[in-house]
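First comes the structure, then the notes that go with it.
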Amino acid sequence: GLAIDFDLEATDWLTLIFGGEAFVDINRGVYQNAWLPDQEGLCPDPFVFHEDDPHLRCKAEDTLVSDDMRIIGGLFLQGEARPVDVLALSAGVRLQLSDAYDPAVLGSGGLVWNIWDRINLKAFYASGMRPPSVTSTNVRTTVSGVSFSNNPNLTVETSHSAELELNAMLARDVGPVRDLYLRANGAFTLMDNVIGRPGGRFENSGQRHIWTAEALARLRFHDGHEIWGNYTFTK
């Protein structure tokens, strides 16, 4: 593949990053072997008799994943701005292209606001996508007994995520304390068309909601010692 990107300082407070990429994803020659005991030198189709094997002399080589080739490309534009000293902004858009799925437009954005001294508020949003894997669309039920079947009609998984965080650096150089760092954040992700294997066949399921939260405290001392506390929640 090939990727190229450019940086452009449009103004003293605005930087643009843009570019594109294209590559070929090739999957070839994914085989597997299976063995069975022979019956008086005879093997069921598609097994072949191998006399030099002292144990299981019926062997079959079969394609596990059918050959596949995908062309994938993308174009993107991102802007990073700092209109005032206490505020940093970022926003971007991406056009995702492929011969394996429909074109998709993805967006993202965020801000960091220095509320006061070393206290910062961060907010982010991003959309994403994940195309079906070659295994989910091209795996074959073969002589070794693969327990799931492919689905060439799978659609792309999509996601939308948002996060809010507040962090602070407090108590700097207070007595034996070097600093106290505190962070709290929460995030929500909405996933759609999630690919799973209900009933042994790859399928697109419905929506999935993922909630996460975190709280972190770190106390550092001048003598090099540290005390950490952390809590993480995921639903």
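The values are calculated or read from the model by the stated rules, or taken from the named source; none is laboratory data. From a predicted model like this one, the values you see are computed outputs, not experimental measurements. As a convention, Cβ positions derive from the backbone with ideal geometry for all residues, glycine included, and neighbour counts pool all protein chains shown. In case anyone asks, the SASA skips ligands and DNA or RNA and just uses the protein heavy atoms, side chains included. Shrake-Rupley method; radii C 1.70, N 1.55, O 1.52, S 1.80 Å.
So the values come out like this:
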read-out: Criterion (farther than 30 Å from ASP7 by Cα and either in contact with a Lys or Arg (Cβ under 8 Å, 6 or more places away or on another chain) or charged (D, E, K, R) (or both)) met by exactly one of ASP102, ASP67; value: ASP67
read-out: Residue among ALA22, ALA3 that alone is free of Cβ contacts under 8 Å to residues at least 40 places away in the same chain and under 30 Å from the mean Cα position of the chain (by Cα); value: ALA3
read-out: Lone unmet requirement of (1) crowded, with 16+ Cβ neighbours inside 10 Å; (2) in contact with a helix residue (DSSP H, G or I) (Cβ under 7 Å, 6 or more places away or on another chain) for LEU106; value: (2)
read-out: Top-ranked residue in the stretch 207-221 [being assigned to a strand (DSSP E or B) and open to solvent by 90 Å² or more (accessible area, probe 1.4 Å); ranked as farthest from TYR181 (Cα to Cα)]; value: ARG208
read-out: Only one of THR135, THR142 that is closer than 30 Å to GLU61 by Cα and touching an Asp or Glu at 6+ places or on another chain (Cβ under 9 Å); value: THR142
read-out: Some residue of the stretch 222-230 being without any contact (Cβ under 8 Å) to a residue 12 or more places away in the chain and assigned to a loop (DSSP other than H, G, I, E, B); value: yes
read-out: Only one of VAL65, VAL30, VAL24, VAL86 that is of a type in the set (Val, Ile, Thr) and open to solvent by 70 Å² or more (accessible area, probe 1.4 Å); value: VAL24
read-out: Residue list for the stretch 33-45, filter: surrounded by 13 or more Cβ atoms within 10 Å (Cβ to Cβ) and within 30 Å of ALA100 (Cβ to Cβ); value: ALA34
read-out: The stretch 139-197, subset assigned to a loop (DSSP other than H, G, I, E, B) and under 18 Å from ILE115 (Cβ atoms), residue least open to solvent (accessible area, probe 1.4 Å); value: ALA171
read-out: Checklist (1) open to solvent by 60 Å² or more (accessible area, probe 1.4 Å); (2) under 21 Å from THR142 (Cα atoms); (3) touching a Ser or Thr at 6+ places or on another chain (Cβ under 9 Å) applied to ASP7, failing item; value: (2)
read-out: Within the stretch 111-128, tally of residues that are surrounded by fewer than 16 Cβ atoms within 10 Å (Cβ to Cβ) and under 21 Å from the mean Cα position of the chain (by Cα); value: 2
